[in-house]
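Read-outs throughout are calculated quantities, based only on the coordinates presented, and are distinct from any laboratory measurement. Because the structure is predicted, anything quoted here is derived from the model rather than measured. Virtual Cβ from ideal backbone geometry, glycine too; neighbours counted across all protein chains shown.
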C-alpha cells in the first residue's frame, strides 16, 4: 500500500514538507490523516520513522507532565534523548513499548510520528534505602517535569488535544498489552507497530482496539430550573455528578440513558436528547462518553441503587451554579468537606477535565 500518488515514504515526506508550508489548514489535515493511516498499516515505514520520532512517556501508569502557565501538559522527548535519560536509571524501551498517537511537525518542516511509550519500573529490594517513588521523582525532574496519575492529568488539563492524546495513549497501551491471543483460535496475535490492530498468525483475523460506549446524562425537571445529581460510593466528599452507564448490546444510547436513570435513581425519564458533546475516557477501560439530557417528573420518588450510589438529590440552578463556581476556583478540590454531615451536601462538581463538568456548566449557563 502506498499513499495516494506517491511511490515511497521518502517522496511522501518530501512532498508533505512542501504541503505544510503551502496548503490550507483543511488540506494539511487531510494529508496528515492519510499519512497516519499509512503508518498504521505499514510496519516497515513506521519502524524507519521511529528514530526521529517524538515521544510521550508513562512509567508505572504515571504520565510525565509539566506545569505551563497554570496548565498541565505532557512532555515530548526525542528518542535518543529519552533513551539516554532512562538508561541512566536502568530503564529501557523500544517500539514494542510504544503506540502511535499523532503526526507532529518535524525539524525539517515535515511530519514525524508522535508515540506514547509506556514502561514499568522494577520494584526496589525490601532493604533498599531508596524507594521507587524517590527514583521516579528524580527521573521526572531530570526530564523537566514530574510523574502524575492518569486521572489527575486528565481532570487537570485545559487543552482538549492533550486530554485526547492521553486517552489514546492509555487505551492503546493497555489494549496492546492485554490482547495477545486470538479469541477465535487461540493462536498468537502479531501486533502492529502502531498498536492500531493485531492479526492472528493462524487464521489471519484482524482485531482492533475495543471501545465501550457510555451514556452520561443530566436529568432535569420539566421547568428546566432543577437538575438531579448523584454521589457515587467512594467519591470525594461533597462532589456530585450526573448519571452515567455503559450501553448494553442491542440498545441505543438514548435507551441506555433512560435505563441507567431507572436503575440508578428509580425514576422514569419521558424525554431523552443527545447533546453535541463526547469524550474518550481511558479508565478503567476505554470508554466513549456521549452526553445526553433527560427530562423527568420531579414528583417521582427517588430510589437510589445502593450498590452504586450514596445519594441522589434535586438541586436548583442557583445551588449548582455555586458548586460550579467553587469547583472553578478550586480545581484540585482542596477544600473538600471533612465532616460526615457535609459529605452529602453539594459543594463541588467534577473538575473541568471531565465531560460531566462541561454538561453541568452548560446547563447552568442555560445552553440547553
Debye intensity ratio I(q)/I(0), log10, the chain, q values 0.08, 0.09 Å⁻¹ (C-alpha model): -0.51, -0.64
Over the stretch 212-364, relative contact order from alpha-carbon pairs under 8 Å, at least 6 apart, %: 31 percent
Pair residue 328, residue 130: separation of 7 Å Cα→Cβ label points (nm): 4.6 nm
Relative contact order (%) - criterion: Cα under 8 Å, at least six apart; region: the stretch 9-174: 27 percent
The stretch 50-117 shape via C-alpha gyration tensor axes, a/c threshold 1.5: oblate
Proxy reagent accessibility, fewest Cβ within 10 Å first, across 367, 195, 34: 367, 34, 195
Size-normalised alpha-carbon gyration radius of the stretch 90-148, reference 2.2 N^0.38 Å: 1.50
Difference of contour (0.36 nm per residue) and Cα-Cα distance, residue 235 to residue 211: 6.2 nm
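Once the Cα gyration tensor of the stretch 212-364 is found, what semi-axes does its equivalent ellipsoid get, as square roots of 5 times the eigenvalues, in whole Å, sorted largest first? Before the final figure, lay out the partial values.
Numbers: eigenvalues 101, 63, 47 Å².
Semi-axis lengths for the stretch 212-364 are 22, 18, 15 Å.
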Cα shape, the stretch 319-365, gyration tensor, a/c 1.5 rule: prolate
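Which of 75, 130, 218 comes first, and how do the rest follow, when ranked by fewest Cβ neighbours within 10 Å?
Details: 75 18, 130 10, 218 23.
Placing the least packed residue first, the sequence is 130, 75, 218.
Sort 292, 232, 357 by Cβ crowding within 10 Å, fewest neighbours at the top.
Numbers: 292 26, 232 15, 357 21.
Least crowded to most crowded, the residues run 232, 357, 292.
May I ask you to derive the relative contact order of the chain, considering only C-alpha pairs under 8 Å and at least 6 residues apart, and to give it as an integer percent? If you can, show how the numbers build up before the last one.
Details: 649 pairs, mean separation 51.3, N = 368.
Relative contact order, the chain: 14 percent.
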Of 71, 134, 126, the one that fluctuates the most in a GNM where the chain has Cα springs shorter than 10 Å: 126
Residue-averaged 222 nm ellipticity for the chain, from DSSP H runs of 4+ at -39500 (n - 2.57), nearest 500: -10000 deg cm²/dmol
Stretchable slack from residue 27 to residue 120, in nm (0.36 nm times residue separation minus alpha-carbon distance): 29.5 nm
Efficiency of FRET from Cβ geometry, residue 248 and residue 226, R₀ 41 Å, rounded to 0.05: 0.90
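Residue separation times 0.36 nm, minus the C-alpha to C-alpha distance between residue 321 and residue 61: what's the value? Kindly include the intermediate steps, with their values, before the conclusion.
Numbers: separation 260, 0.36 × 260 = 93.60 nm, distance 3.46 nm.
Extra length available between residue 321 and residue 61 comes to 90.1 nm.
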Rounded to 5, the percent of DSSP beta bridges in the chain classed as antiparallel: 75 percent
Selected from 153, 294, 236 as most flexible by GNM, with the chain as the system and alpha-carbon contacts under 10 Å: 236
Choice from 105, 51, 129 showing the highest fluctuation, given a GNM over the chain with Cα pairs closer than 10 Å: 129
